[in-house]
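The values are calculated or read from the model by the stated rules, or taken from the named source; none is laboratory data. As the structure is a prediction and not an experimental result, all values here were calculated from the model. A quick note on method: Cβ atoms are made from the backbone with ideal geometry, for glycine too, and the neighbour counts reach across all protein chains shown. Ligands, DNA and RNA are excluded from the accessible area calculation, which covers all protein heavy atoms including side chains. Shrake-Rupley method; radii C 1.70, N 1.55, O 1.52, S 1.80 Å.
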Amino acid sequence: MEIDVEDGRMVRVRPDGSQSPYGAYLCPKGLASIDFHNGAENRLLQSLKKRPDGAFLPIDATQALDEIGAKLAHLLAAHGPRAIAVYHGTGAYRSVLGAQMERAFLAAVGTPNFFSSMTIDQSAKMVTMARMGVMASGKHSLRDTDVALLAGGNPVVTHQGAPFALAESGAPAKSFQAARDRGCKIIIVDPRRTETARFADLLIQPLPGHDAALFAAIAHILLRDGRHDGDFLLRWAIQLDALRIALAPFTPEMAASRAQVPVEQIEQAARWLGEAKRPYAGSGTGPSMATHSNLADHMIEVVNALAGGYRRAGDIIRNPGTLKPKDGVEMAVSPSRSFEHAPKCVSADVGPLLGELPTALLPREIAADSPDRIRALICFGGDPLKGMGDPGFATAGFDKLDLLVCLDSRMNATGERADYVIATSQPFERHEISVPGDALFPEPFVQYTTPVVERPKGVIDDWAFFWAVAARMNLSLTFKYWTYGARFEDIALGLPLDPEQRPDPEALCRFLASESLVPFETIKASPSGVRPDLPPRSILPAPPGSTGRLHLCPPDVARELADLAAEPEEVGYGYRLICRRILHALNGAFVETREVRRRFPVNYAHMNPDDMAAAGIGDGDLVEIASPYGVIRTLARAESRLRPGVVSMTHMFGRLVGSGDPVADGGANVGELTSLTQDLQPINYMPRFSAVPINVTAVDKTTLTA
Ligand SMILES: Nc1nc2c(c(=O)[nH]1)N[C@H]1C(S)=C(S)[C@@H](COP(=O)(O)OP(=O)(O)OC[C@H]3O[C@@H](n4cnc5c(=O)[nH]c(N)nc54)[C@H](O)[C@@H]3O)O[C@H]1N2
Ligand SMILES: Nc1nc2c(c(=O)[nH]1)N[C@H]1C(S)=C(S)[C@@H](COP(=O)(O)OP(=O)(O)OC[C@H]3O[C@@H](n4cnc5c(=O)[nH]c(N)nc54)[C@H](O)[C@@H]3O)O[C@H]1N2
Ligand SMILES: [Mo]
């Protein structure tokens with residue numbers, strides 16, 4: 001971005017395409033973030049402390065750090081490291097030094113209690129990695145794929161791409177158009193004709209919650225027709241026979257009747273994937289939030305394994321990473337089944353997935369009758385009480401905390417219940433380096449940015465919070481370049497930090513560039529970023545004697561498939577509620593901007609117009625939505641993009657618990673319709689956030705004014 005600053009204030013912004021791999025591109029949230037920096041949306045400019053009567057008073061940041069450090073030191077001494085937990089929310093992913101310092105802090109405390117929004121998002125993908133294993137070669141890039149299938153994701157709106165869905169996270173529509181122009185066929189599986197579906201060659205609009213059956217059927221067809229890659233499977237996979245047996249009931253007809261789609265569409269998707277040279281099957285949040293999410297994701301990866309969805313030796317690696325380059329190898333890594341091993345939760349017999357414990361268990365981990373229960377929670381850039389749903393249950397757990405601290409620049413539902421809300425900086429006020437995007441950009445790119453404007457006086461950086469609190473706890477931190485999948489203690493290279501000497505953020509960024517293919521000084525000299533011209537790399541052949549294998553159908557997956565095949569139809573509810581995101585907000589962030597408020601005074605219940613006519617619901621009518629777990633009210637809105645039988649709503653709107661008047665509340669919290677005790681997935685305890693059974697009834701609007 002190119003930003004004009006006048007008198008220390010950002011006034012105008014333009015996209016800068018001079019180096020970016022996406023070209024010049026800016027999304028509405030990028031624009032809105034300038035206003036937010038400047039104080040829109042009631043940005044917090046001072047830290048707050050809750051008084052005994054519940055009111056918040058401003059507190060000097062140093063004073064707050066002293067108090068929090070003392071309290072944490074006491075809890076650590078009295079109860080051990082497990083007393084302290086961190087929740088890492090969506091905001092923390094964009095706070096690069098903050099996220100790395102948080103890792104150093106957790107390691108120094110020695111607590112396994114790391115939770116994040118990932119486990120209430122697409123943790124089905126983590127479960128599949130742990131149960132099936134992974135190909136170290138990774139998947140094809142959108143730029144190389146000839147058939148691309150995306151189930152339940154809408155990247156044109158969400159910009160969600162690698163490593164989950166295939167899309168580019170900047171200028172996503174342009175990248176889909178380019179793929180089509182190359183002749184790539186695009187298949188979208190979504191109950192809603194999404195903005196992304198305008199690029200689809202085939203749109204399948206199933207009833208939600210049936211992806212496991214749909215992808216089992218696609219795998220069934222690939223095996224039936226012999227369109228699977230036998231050599232690859234022989235070399236890298238086991239349990240093909242068990243898979244065949246388990247998939248037998250999942251005929252295309254069976255899946256078609258469950259998902260209520262034409263059987264020809266399932267056959268066609270399978271044929272295209274089977275014929276493709278470099279197919280890609282992936283998903284967004286839809287299948288990962290709906291019924292049988294873990295099984296759905298496992299079946300999607302089974303389709304990739306059968307159809308050739310993983311890169312092979314000799315395939316090009318478009319971006320091996322610049323700051324921390326990595327080779328790709330055609331090699332299977334056997335499943336870790338990490339969730340079966342210590343350190344386990346205290347409230348359930350389950351261990352970590354990629355080093356994280358399930359967020360849906362957080363309230364129970366706090367309330368547990370155990371000496372190892374969580375007593376202090378640091379919530380870094382998130383709103384877990386709203387994000388995890390079932391607010392009654394979640395809040396009851398959180399109320400048992402001795403200390404709740406939120407690092408945020410907004411007051412949110414979790415912040416309202418915190419003992420301290422620490423006002424932290426925003427990206428244009430701090431040092432950032434492109435660690436999160438490093439190997440995810442579509443081609444090599446690296447960028448380092450320094451503050452464009454000074455941060456407001458009462459505000460501190462996220463990283464400084466973790467460093468300063470650790471110093472007050474007499475803990476020594478070692479700063480490292482941590483990436484997903486790595487164990488902190490296994491990372492050799494570390495920068496020991498002096499608790500007496502505040503680190504220089506530029507030195508921290510320089511350290512993160514220790515292994516960079518572009519020297520830090522070169523990166524620093526080009527504020528637009530560097531798009532290095534690196535010699536092409538390709539996937540290496542496996543080292544001899546590689547013993548890793550993909551487990552296509554372990555016994556638990558076989559059992560889940562059998563249960564699914566025998567499952568009776570869910571009856572008693574007229575509709576299924578599905579998830580959906582909007583362009584101008586990012587979960588709870590930016591919801592209070594004028595632009596979002598103008599477009600969405602509430603998060604509407606979008607419905608198919610025929611469904612509305614049949615139920616006597618008019619556009620804009622007040623409706624009551626009841627699931628087995630709760631009731632909310634909002635306004636209905638007709639949308640012909642939705643297939644009949646589904647209602648689509650955005651999360652993170654309204655009050656944590658609605659008053660009954662959605663207009664006064666600014667929307668409704670769909671989390672009230674979900675449960676933290678029932679309908680959870682095994683292993684990751686993922687709640688059912690999509691395909692939620694609901695009934696919708698019109699309510700007389702005059703009840704609001706009465
Ligand atoms: N503008 C914007 N961008 C965002 C966000 C935001 O709030 N706003 N949030 C960010 C976050 S945290 C995330 S995780 C990503 C998510 O990125 P996406 O996964 O792309 O998010 P959604 O737009 O919710 O897309 C989910 C799709 O799944 C469909 N769906 C629902 N249930 C089912 C089902 O059972 N089966 C199938 N096949 N489809 C189903 C829905 O109709 C919807 O189109 O976006 C990120 N980017
Ligand atoms: N029913 C239902 N529930 C859902 C979902 C759904 O689709 N339906 N989606 C799920 C998903 S995918 C997710 S990711 C979760 C979201 O859950 P969370 O990630 O817990 O919630 P967010 O609203 O994204 O919270 C982000 C916070 O970070 C703050 N923030 C922004 N930038 C910074 C920064 O630089 N530093 C700091 N310290 N804070 C910052 C923002 O102000 C905001 O308060 O919700 C999940 N819950
Ligand atoms: Mo998410």
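Cross-link candidates for K71: which lysines have Cα within less than 30 Å, leaving aside residues fewer than 8 places away along the same chain?
Within reach: K49, K50, K344, K386, K400, K457, K480.
Sort 117-127, 336-346 by the packing proxy (mean of other Cβ within 10 Å over each peptide's residues), most packed first. Mind showing how you got there, number by number?
Details: 117-127: 25.4, 336-346: 15.4.
Those peptides, ordered most packed to least, come out 117-127, 336-346.
Students sometimes get this wrong: rank E102, E521, E639 by accessible area, probe 1.4 Å, all chains present, largest first.
Accessible-area ranking of E102, E521, E639, largest first: E521, E639, E102.
Using DSSP to define loop residues, name the GluC sites (Glu not before Pro) in segment 544-636 whose beta-carbon has at most 12 other beta-carbon atoms within 10 Å. Intermediate values should be presented prior to the final figure.
Values: sites: E560, E569, E570, E592, E595, E624; in loops: E569, E570, E592.
Passing both the DSSP loop test and the Cβ count: E569, E570.
Given labels modelled 7 Å from the Cα in the Cβ direction, how far is it in nm from V263 to S538?
So the two model labels end up 4.3 nm from each other.
Short version: ³J(HN,Hα) in whole Hz for each residue of segment 398-405, in order, from phi by Karplus 6.51 cos²θ - 1.76 cosθ + 1.60 (θ = phi - 60°), x for Gly and Pro, what are they?
Couplings: 4, 5, 8, 5, 7, 8, 10, 10 Hz.
If the chain between Q678 and E500 were fully stretched, how many nm would it gain, using 0.36 nm times the residue separation less the Cα-Cα distance?
Stretched fully, the Q678-E500 segment lengthens by 59.2 nm.
Which whole-number value in Å² is the accessible area per residue of the chain, probe 1.4 Å?
Values: 27010 Å² over 706 residues.
About 38 Å² of surface per residue is accessible.
Where the accessible area of segment 575-704 is counted over protein heavy atoms with a 1.4 Å probe, how much of it, in %, is carbon and sulfur?
Whole-percent figure for carbon plus sulfur exposure: 50.
Name the residues of segment 295-325 whose amide N is less than 15 Å from a point 7 angstrom out from the Cα of D556 along the C-beta direction?
Within reach of a label on D556: 295-299.
Could you compute the FRET efficiency for T395 and A566, with r as their C-beta to C-beta distance and R0 at 45 Å, rounded to 0.05?
Values: r = 37 Å, r/R0 = 0.82.
Result of the calculation: an efficiency of 0.75.
Please report, in cubic angstrom per residue, the volume enclosed by the convex hull of the alpha-carbon atoms of segment 575-704. Before the final figure, lay out the partial values.
Details: hull volume 14.3 nm³, N = 130.
Looking at segment 575-704, the number lands at 110 Å³ per residue.
Taking H as built 1.01 Å from N, whose amide H comes closer than 5 Å to the amide H of L477, not counting residues under 5 places away?
L497
Counting only DSSP beta bridges with both residues in the chain, tell me the antiparallel percent, nearest 5. Walk me through the numbers on the way to the answer.
On the way: 38 of 80 bridges.
Approximately 50 percent, going by the DSSP bridge assignments.
Treat the chain as a sphere of radius equal to its Kirkwood radius over Cα pairs and apply Stokes-Einstein at 20 °C in a medium of 1.002 mPa s; give the translational diffusion coefficient in µm²/s, rounded to a whole number. Provide the component values of the computation, followed by the final result.
On the way: Rh = 26.2 Å.
Result for D is 82 µm²/s.
Work out, step by step, the length gained on full extension between E592 and R143: first 0.36 nm times the residue separation, then minus their alpha carbon distance; give nm to one decimal. Walk me through the intermediate numbers first.
On the way: separation 449, 0.36 × 449 = 161.64 nm, distance 3.66 nm.
Gain in length upon complete extension: 158.0 nm.
Kindly write out, for segment 672-689 in residue order, the coupling ³J(HN,Hα) from the Karplus curve 6.51 cos²θ - 1.76 cosθ + 1.60 (θ = phi - 60°), rounded to whole Hz, with x marking Gly and Pro.
My calculation for segment 672-689 gives 5, 8, 10, 10, 9, 10, 10, 6, 8, 6, x, 6, 9, 6, 5, x, 8, 9 Hz in order.
Quick one: go through segment 521-553 and flag any residue whose amide nitrogen is under 20 Å from the point 7 Å out along the Cα-to-Cβ line of S334.
542-553
Per-residue HN-Hα couplings for segment 107-122, Karplus 6.51 cos²θ - 1.76 cosθ + 1.60 at θ = phi - 60°, whole Hz, x for Gly and Pro?
Whole-Hz 3J(HN,Hα) from phi for segment 107-122: 5, 5, 5, x, 9, x, 7, 10, 10, 8, 5, 4, 7, 10, 10, 10.
What share of the DSSP beta bridges in segment 575-704 is antiparallel, in percent to the nearest 5?
Working: 15 of 23 bridges.
Antiparallel bridges make up about 65 percent of those DSSP assigns within segment 575-704.
For an R0 of 41 angstrom, estimate the FRET efficiency from the Cβ-Cβ distance between V699 and R51 and round to the nearest 0.05.
On the way: r = 38 Å, r/R0 = 0.93.
Plugging the Cβ-Cβ distance into 1/(1 + (r/R0)^6) gives 0.60.
Considering only C-alpha atoms, what is the centroid distance from segment 581-605 to segment 328-367, in Å?
34 Å
Residues with amide H under 5 Å of D383's amide H, sequence separation 5 or more or different chain, H placed in the peptide plane at 1.01 Å from N; which?
It is T90, by chain and number.
Between R198 and E2, with labels modelled 7 Å along Cα→Cβ, what's the label distance in nm to one decimal, could you check?
2.7 nm
Using just the helices of the chain, give the 222 nm mean residue ellipticity in deg cm²/dmol: DSSP H runs with n ≥ 4 each add -39,500 (n - 2.57), and the total is spread over all residues, rounded to 500.
On the way: 24 runs with 212 residues, N = 706.
Estimated from H runs of four or more residues: -8500 deg cm²/dmol.
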